[in-house]
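See structure below.
The values are calculated or read from the model by the stated rules, or taken from the named source; none is laboratory data. Quick caveat, the model's predicted, so the values are computed rather than measured. When we count neighbours, we look across all protein chains shown, and the Cβ atoms used for this are built from the backbone with ideal geometry, even at glycine. Heavy atoms of the whole protein, side chains included, go into the accessibility calculation; ligands, DNA and RNA do not. Shrake-Rupley method; radii C 1.70, N 1.55, O 1.52, S 1.80 Å.
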Amino acid sequence: VTAGLRIDSDAALIDRSLQEPEVFAEIYDRHAPALHLYIARRLGPDQADDLVAEAFLIAFRKRDVYDGARPDARPWLYGIATNLIRRHHRTELRFWRAIARTGVDPAVESPAERVTERVSAQTARRDLAAALSRLSRGQRDVLLLTAAGQLSPADIAVALGVAGGTVHSRLNRARRKMREALGGVDPLGIGEDEEK
Amino acid sequence: VNELEKMCSEVRPIDPDVLANGRRRLQAAAIKNQRARRPRLLLTGAAAVTGVAVVVGAVAVAGTGSGTHHAPAKIAVKTTAPALPEIKLVSAVQVLHLAASAAGKERDLNPRNDQFIVIKETDGRGGTGETWHSEDGSKNDISYSNSCLPHPMPSFPCYQSLGKAYSYDTPAYYRTLPTTPAALTAWLDKTAPPDMRAGQQTAEDKAAGKDPNQYRWKTIEDMVSDNYLPPKLRAAMYAVLSKIPGVSLVGNVTDPYGRKGVAVTMAGRGGEQMVFDRRTFAFLGVRGTDPGKKSPTWDSVVLSITVADSAPPSQTLQQIMQSHGLIPKTDPSPLSHHKK
């Protein structure tokens, strides 16, 4: 079609960025919005604004140890973001508990909308937030990397640096715990591990 | 949709200013890093591990050598490598940035003044067309269509002369437009109708709902759909669009040729969408929703844009109609309205 177009893999861009550092901005263009969504889901938009930039600066500094056999950089980037989120463990718990308490979800509503408390009546979201706040760190990581990050179990294993089996068992436990808390509703839909 | 999915999908996208800010910080770090170059370790290490990495690496090498001779995109993309994972698209700003970045890297076709730009397109309803645009407007533009004459006249394919293009509508003219987002915005505003010029609007204009951003979006959309614009200009255009408040992601769509695309729009465009290729972020076409209809239909889909040394022989509309016996041969020429 139009001449000269090509799409490099993330790995190829990261490799090139060793010689031409500014190329790394393309990794940012590709993945920053989605990574922001993941962080905003767990810590709220204000924290996400700072952390997404920080995550990419860390990634940039560590790019020389990127595993070039992995064309898709998302597991690596989500791993870095998840580590950053863990440093804000208390903030995250407070965030989920506040949603559970008020029904107001700052990740979704703009400050102006908050006044109307449009979503306050949404009990489902309050229950969900309460249930998320009761998961262990590892379980929450796996569940939210699945739901908000849309990573596969295999990608999550890479992101967290754990074995594939660990991801599956954490995911199953998280779902069982959530199901109980939500009165039998599976947080990821019906059926067991639908992916892989 | 379950509540957890919903809770995740409803998250507000990153603010464009915040996004731009983060990028600047990263670029500042990159510039600082520029001198401290490190040896290339990754590719060889990766290649030793899996066959997949070898192919990916080969693509990268073909790409980096694009300074003097161009590696055709088709070869570079159509390797036996597994399809790269699709980037997760969460906002129109992201899509437009990716489109700008892709356009910024595209090789300019750089036609000579005596050549033609050939645009192949379809209206998505079975009509296909090809247009030869004389680069500098010194020759007649030619259009091929599989049904030349307007309904209800009989339908047959033909090459029709469109006459010479106006000087402000030749491919060469579009090469003179500014290619930075700021200068392009200034140009758009300068050439806009007075009541749509940013910064010059009266209270009445604003009250009447005249919106400079609507004008910018529409103008860019039209220019991109109808012309070959130099890659740098397109990059600037998409950057301008990405800054418009109210741009939004519509989602994945498939064009009439089965190409996977992603559609974006802005508030107030009445369901009109610009569609970009889901993987290359090249512009694919425009979709619109007719009044009273629910689902959008394609207005135009660009199939390819190439350069040709010459255009095929053609007839004027009058000659075509004469040759098919639709009008008498002796008729004076009321239809040859193209001059210059």
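Would you calculate the volume per residue, in Å³, of the smallest convex hull containing every Cα atom of segment B:130-194? The partial results should precede the final answer.
On the way: hull volume 8.1 nm³, N = 65.
That works out to 125 Å³ per residue.
For segment B:226-297, the spread of Cα positions along the three principal axes, ordered from largest to smallest, is 38, 30, 21 Å. Computed over segment B:115-267, the quotient of the alpha carbon radius of gyration and 2.2 N^0.38 Å is 1.22. Only Lys, Arg, Asp and Glu carry charge here, each on its Cβ (+1 for the first two, -1 for the last two); on that basis chain A has a dipole of about 1040 debye about its Cα centre. Helical runs (DSSP H, four residues minimum) scored at -39500 (n - 2.57) apiece and divided by the length of chain A put the mean residue ellipticity at 222 nm at -21000 deg cm²/dmol. Taking only protein heavy atoms and a 1.4 Å probe, the accessible area of segment B:251-317 is 53% carbon and sulfur.
Treating r as the C-beta distance of B:T202 and B:T180 and R0 as 30 Å, the FRET efficiency rounds to 0.55.
By the gyration tensor of its Cα atoms, with a ≥ b ≥ c the square roots of the eigenvalues, what is the shape of segment B:185-308: rounded for a/c under 1.5, prolate for a/b over b/c, or oblate?
Working: a/c = 2.21, a/b = 1.44, b/c = 1.54.
It comes out oblate by the Cα gyration axes.
Ellipsoid fit via the Cα gyration tensor, segment A:125-196: semi-axes of 20, 12, 10 Å, each the root of five times an eigenvalue, largest first. In the structure displayed, which of B:K120/B:K260; B:K190/B:K243; B:K120/B:K293 lie more than 22 Å apart, Cα to Cα? Beyond 22 Å between Cα atoms: B:K120/B:K293. Relative contact order (percent) for chain A, with alpha-carbon contacts under 8 angstrom and 6 or more residues of separation? Contact order relative to length: 19 percent.
Here chain A has an Rg and Dmax of 18.2, 56 Å, counting Cα atoms alone.
Between B:D309 and A:N172, the modelled label-to-label distance comes to 6.9 nm, taking each label 7 Å out from Cα in the direction of the beta carbon. Association of chains A and B removes close to 6300 square angstrom of accessible area from solvent, both sides included, for a probe radius of 1.4 Å.
When the residues A:R176, A:R90 are ordered by accessible surface, computed with a 1.4 Å probe over the protein chains alone, the sequence from largest down reads A:R90, A:R176. Applying Stokes-Einstein at 4 °C and 1.567 mPa s to the Kirkwood radius of segment A:1-90, computed over alpha-carbon pairs, gives a translational diffusion coefficient of 95 µm² s⁻¹.
With every protein chain kept in place and ligands, DNA and RNA left out, what is the accessible area per residue of segment B:188-259? Probe 1.4 Å, answer in Å². The partial results should precede the final answer.
Working: 3270 Å² over 72 residues.
Per-residue value: 45 Å².
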